[in-house]
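Here is the structure we will look at, set down as structure tokens.
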Amino acid sequence: MGRQKYEYYQLAHLSLKLCSVSMDDQSDHTNLPWVGFKPLGLGASKPVCIQDFEQLAKESLTKNAWDYYSSGATDEQTLHDNCMAFKRYRLRPKVLNDVSCVDISTSVLGQKVDIPICIASTAMNKMADPCGEIAAAKAAASVGSGFMLSTWATTSIEEVATETGNSLKWMQLYIYKDREVTKQIVKRAEKCGFKGVFLTVDTPVLGQRYKDVKNHFSLPSNLKLANFEVHEQASGVKSSDNSGLSDYVNSMIDPSLQWSDVKWLKKITKMPVVLKGIVTSEMALKAVAHGVDGIVVSNHGARQLDGVPATIDALPEVVNAVNGRCEVYLDGGVRSGTDVLKAIALGAKAVFIGRPVLWGLAYNGEEGVRTVLSMLKDEFKNSLQLMGCRSIKELQEGQNLIVPEAYYLSRL
């Protein structure tokens, strides 16, 4: 696409977004989550890596939305380390091993996926694009992957199910003080054909996020948390002297969450139960003892407790502790196909990505997310071939194909 046509494309994309809003909403245009969208300049080219999407999203999102999506807890030490930690691992490829035909498929909770890259739950997707969660779920389905819907989605369980048919979907879950609210979310997801429930276990309270406090973060008034009918639950993320989300969590989410709640959850659903937010072997062993079907090695995108390990650093000890008794996945810091390969080589069944999906949404809706997923897929396949491996199984069974950088430093 020529440079001038590309700018026209961006302007047309904005026009389509505006046209999807009612006239009443347009009259109060300051509440639109995509106000501030700026088309790419004539000198811009299409994104060629995930970091390009990040910059494009920053240019198009409001400060309220960008800071919410991009920020981490307190000093953001873990936020930066989530990405940097991948660079602390070195690859030791095989050579002269026919890689003309490779298989990059895997499975998640018994469901086949064509790529080991799935969409993690992220809240309030419609701040990035008016089609929000539906656009992301459709993009995942188009590349043979799966989509995890957030409890705090701006599209309801039923809407996502209707628009995406039999595509692979899972439900992320927070446990509310009102257990009946939580139970109904689980039952609705199960009824709509979701294939698993991912219980977030690292959020008894919300982490301190300075940028959200400074911005008095709130959900734009034309949006709501669509999985709730009660006004306080659906529209409670509103401006305050603090972060609106922090106030919401303090009023709604149960800080007394404990291991007995995992047993309770397993009793009320036939769906597999996965715990999301474990970074230590001790907690992994407890999870296995409570009969969970999977663990997501996650630090909540570095948005909860700052100073916890990067997820790629925590992954080996969790994998070793679990020892095959449940599936292990990873989220946090994945920005390339090589990052995916490193996580898979260290024992993850699949990886889940969050922020890159939001960047794709902000850039070009469903097509933007599809491009992000396809880019990671191609990079992963390329990396797998360059490693001399023909499948995920072969990568994981190889000896010393991935080592910490200290492996080489110790030899100096």
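The values are calculated or read from the model by the stated rules, or taken from the named source; none is laboratory data. Everything numeric in this text was worked out from a predicted model, so none of it was measured. Here Cβ is always computed from backbone atoms with ideal geometry, including for glycine, and neighbour counts include all displayed protein chains. With ligands, DNA and RNA removed, areas are computed over all heavy atoms of the protein, side chains included. Shrake-Rupley method; radii C 1.70, N 1.55, O 1.52, S 1.80 Å.
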Distance violations [Cα-Cα > 20 Å] among Lys112/Lys187; Lys126/Lys270; Lys94/Lys342; Lys46/Lys211; Lys46/Lys169; Lys87/Lys112: Lys112/Lys187; Lys126/Lys270; Lys46/Lys211; Lys46/Lys169; Lys87/Lys112
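With a ≥ b ≥ c taken as the square roots of the eigenvalues of the C-alpha gyration tensor of the range 93-161, please select rounded if a/c is under 1.5 and otherwise prolate if a/b is larger than b/c or oblate if it is not?
On the way: a/c = 3.16, a/b = 2.60, b/c = 1.22.
Note, shape of the range 93-161 comes out prolate.
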Listed residues Leu285, Asn364, Val322: farthest to the positive end of the dipole of the range 281-399 (Cβ charges): Asn364
Cβ-placed point charges (K, R +1; D, E -1), dipole of the chain about Cα centre in debye, nearest 20: 840 debye
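Before I look further, what does the chain give for accessible area per residue, probe 1.4 Å, in whole square angstrom?
Values: 17600 Å² over 412 residues.
Accessible area per residue: 43 Å².
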Theoretical FRET efficiency, 1/(1+(r/R0)^6), r = Cβ-Cβ of Arg411 and Glu317, R0 30 Å, to 0.05: 0.80
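Given charges of +1 on the Cβ of Lys and Arg and -1 on the Cβ of Asp and Glu, with all other atoms neutral, how large is the dipole of the range 282-353 about its Cα centre, in debye to the nearest 20?
Values: 6 positive and 8 negative charges, 22 e Å.
Dipole magnitude for the range 282-353 comes out near 100 debye.
Which shape class applies to the range 333-412: rounded if a/c is under 1.5, otherwise prolate when a/b exceeds b/c and oblate if not, where a ≥ b ≥ c are the square roots of the Cα gyration tensor eigenvalues?
Values: a/c = 2.77, a/b = 1.93, b/c = 1.43.
Prolate, because a/c is 1.5 or more and a/b exceeds b/c.
Roughly what % of DSSP beta bridges within the chain run antiparallel, to the nearest 5? Kindly include the intermediate steps, with their values, before the conclusion.
Numbers: 7 of 32 bridges.
Counting DSSP beta bridges with both partners in the chain, the antiparallel share is about 20 percent.
Compute the orientation-averaged projected area for the range 310-360 from the convex hull of its Cα atoms and round it to one decimal in nm².
On the way: hull surface 13.6 nm².
If I average the Cα hull's projected area over directions, I get 3.4 nm².
With 27 Å as the cut-off, how large is the P(r) tail for the chain, expressed as percent of Cα-Cα pairs?
Numbers: 41977 of 84666 pairs.
Across the chain, Cα pairs with separations above 27 Å total 50 percent.
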Whether the range 66-198 is rounded, prolate or oblate, judged on the alpha carbon gyration tensor where a/c under 1.5 counts as rounded: oblate
Positive-pole candidate from Tyr176, Leu91, Ala140, dipole of the range 83-184, charges at beta carbon: Leu91
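How much of the accessible area of the chain, in percent, comes from carbon and sulfur atoms when a 1.4 Å probe is used?
Numbers: 9070 of 17600 Å².
Ligands and nucleic acids excluded, carbon and sulfur give 52 percent.
Calculate for the chain the 222 nm mean residue ellipticity that helices alone would give, adding -39,500 (n - 2.57) per DSSP H run of length 4 or more and normalising by residue count, nearest 500 deg cm²/dmol. Mind showing how you got there, number by number?
Numbers: 18 runs with 182 residues, N = 412.
The helix contribution divided over the chain gives -13000 deg cm²/dmol.
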Average Cα contact separation per residue, the chain, under 8 Å, 6 or more apart, as relative contact order %: 23 percent
Cβ-placed point charges (K, R +1; D, E -1), dipole of the range 89-171 about Cα centre in debye, nearest 20: 440 debye
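For the ranges 77-89, 250-262, what's the packing order if you count other beta-carbon atoms within 10 Å of each residue, average per peptide, and put the highest first? It would help to have the intermediate numbers written out before the result.
Details: 77-89: 19.2, 250-262: 14.2.
Highest-to-lowest ranking by the protection proxy: 77-89, 250-262.
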